[in-house]
Amino acid sequence: MAIVLTDDKYYKEIAQLIRTELKCETKYKPSKFVPNLLVALLDARVAGMAEGYEEGKSYGVALGVANGKQEAYDTFWDNFQNYGNRNHYYYAFSYYNFDDNTYNPKYPIKTGTTNTGGQNLFYSSHGITDTKVDIEFEGTANGAFNSARKMKTIKKMIVNENTTFTNTFTYAESLESITFEGKIAKDIDLHWSTKLTRASVESIISHLSSTTSGKTLALSEAAVKKAYETSEGANDGTTSPEWIFLDFPENWTLSLM
Amino acid sequence: MREPIKASEGHILTNGEIYGRKIYLAEGMDASSFYEITEEEYEARVQETEEAEQNADNG
């Protein structure tokens, strides 16, 4: 059953509610209250629809673009890395092929045991500074970072006793951080990397094989001295007069350049 | 700690396979097998090895 509002106070309360909702100061005459109310409600509905449309459209476009970019990324890297099953990366990221914007692997890199699986992986890379994913060298790592002069960070290098390191780090002069996993059992030369952190030097040494013989680790003397400062953490530029290698394996030759 | 063998200024020590300005020899290695070469000779050898690797690659 309809209720008839005869008291002004009801009209005033309703008007105030509308003003509050629409954030306006419109005054409504009682004689024209109903039509004005209808107009106000209609305007509000239209305004709300327009705002909602614009908001929805903007959101929809943004969502569509994001989904499109993700799909494009997935399509490229799923195919390039064969859904994580690719194991032959010979020269894959060399020269100008990729830079920090375009190099963004979806899967860890796992090179196979063939002679060329991981060979020259980032050879002479001109634009990649960070490997971003773990890289496993099941066979050769020869030339992997040779002349990759901008490479600063090798996230993780997983090696085994068969992994070879011929010219792996030749001219890798920007390299600061490298983390190893596994066992290093072949000659390895990082003397071009004069900016290696102490953590990196320690990672290298702690993964040297204790059972191999006649092998050499070469490091930059400047890097080692800087990494093992006299006043640890002083960061005052002082270098140790003689660096300290804890537990350096007796079965390895250490060469400083 | 092992004592290193050291090259004189402007030179690099080598035994034909290992190169360095200061070398801490592994157990059983003979220091007398090392001799000095100039830094220029060393750079030339590095270049030569590099070219040989690339030629092997391209071959």
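The values are calculated or read from the model by the stated rules, or taken from the named source; none is laboratory data. These figures come from a predicted structure and were not determined experimentally. Every residue, glycine as well, gets a Cβ built from its backbone with ideal geometry; the counts of neighbours run over all protein chains shown. Note: areas computed on protein heavy atoms with side chains; ligands, DNA, RNA excluded. Shrake-Rupley method; radii C 1.70, N 1.55, O 1.52, S 1.80 Å.
The table below gives the values:
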item	result
Residue tally, condition surrounded by 11 or more Cβ atoms within 10 Å (Cβ to Cβ) and within 11 Å of chain A (Cβ to nearest Cβ), over region B:6-30	17
Evaluation of B:GLU48 against (1) part of a loop (DSSP other than H, G, I, E, B); (2) open to solvent by 70 Å² or more (accessible area, probe 1.4 Å); (3) more than 7 Å from every other protein chain (Cβ to nearest Cβ); (4) of a type outside the set (Val, Ile, Thr) (one fails), failing number	(1)
Test: A:VAL224 is free of Cβ contacts under 8 Å to residues at least 60 places away in the same chain and within 23 Å of the chain's Cα centre (by Cα)	no
Condition check for B:ARG2: open to solvent by 50 Å² or more (accessible area, probe 1.4 Å), charged (D, E, K, R) and within 12 Å of another protein chain (Cβ to nearest Cβ)	no
Set A:ILE128, A:ILE154, A:ILE109: member being over 19 Å from A:GLY182 (Cα atoms), out of contact with any His (no Cβ under 8 Å at 6 or more places or on another chain) and at pLDDT 95 or above	A:ILE128
Any chance B:GLN54 is over 10 Å from the mean Cα position of the chain (by Cα), within 11 Å of chain A (Cβ to nearest Cβ), open to solvent by less than 60 Å² (accessible area, probe 1.4 Å) and among the polar types (S, T, N, Q)	yes
Verdict on B:GLU43 being among the acidic types (Asp, Glu) and either assigned to a loop (DSSP other than H, G, I, E, B) or touching a residue at least 60 places away in the same chain (Cβ under 8 Å) (or both)	no
Residues located in region A:67-119, provided they are open to solvent by less than 20 Å² (accessible area, probe 1.4 Å) and assigned to a loop (DSSP other than H, G, I, E, B)	A:GLN81, A:TYR89, A:ALA92, A:PHE93, A:SER94, A:TYR103, A:PRO105, A:GLY112, A:GLY117, A:GLY118
Residue within region A:209-229 that is more than 14 Å from chain B (Cβ to nearest Cβ) and surrounded by fewer than 18 Cβ atoms within 10 Å (Cβ to Cβ) present	yes
Subset of region A:166-183 (residues that are on the phi < 0 side of the Ramachandran plot, more than 24 Å from the chain's Cα centre (by Cα) and within 14 Å of chain B (Cβ to nearest Cβ))	A:THR166, A:THR170
First in region A:243-257 and at pLDDT 85 or above, second anywhere and among the acidic types (Asp, Glu) and assigned to a loop (DSSP other than H, G, I, E, B), Cβ under 8 Å, 6 or more apart	A:GLU250/B:GLU27; A:ASN251/B:GLU27
Flag for A:GLY139 being farther than 23 Å from A:LYS215 by Cα and surrounded by fewer than 24 Cβ atoms within 10 Å (Cβ to Cβ)	no
Test result for B:LEU13, in contact with a Lys or Arg (Cβ under 9 Å, 6 or more places away or on another chain), modelled with pLDDT of 95 or more and not polar (S, T, N, Q)	yes
Those residues of region A:82-112 which are closer than 13 Å to A:ALA144 by Cβ and either small (Gly, Ala, Ser) or touching a residue at least 60 places away in the same chain (Cβ under 8 Å) (or both), in sequence order	A:ALA92, A:SER94
Condition check for B:ILE12: in contact with a helix residue (DSSP H, G or I) (Cβ under 6 Å, 6 or more places away or on another chain) and over 22 Å from A:SER213 (Cβ atoms)	yes
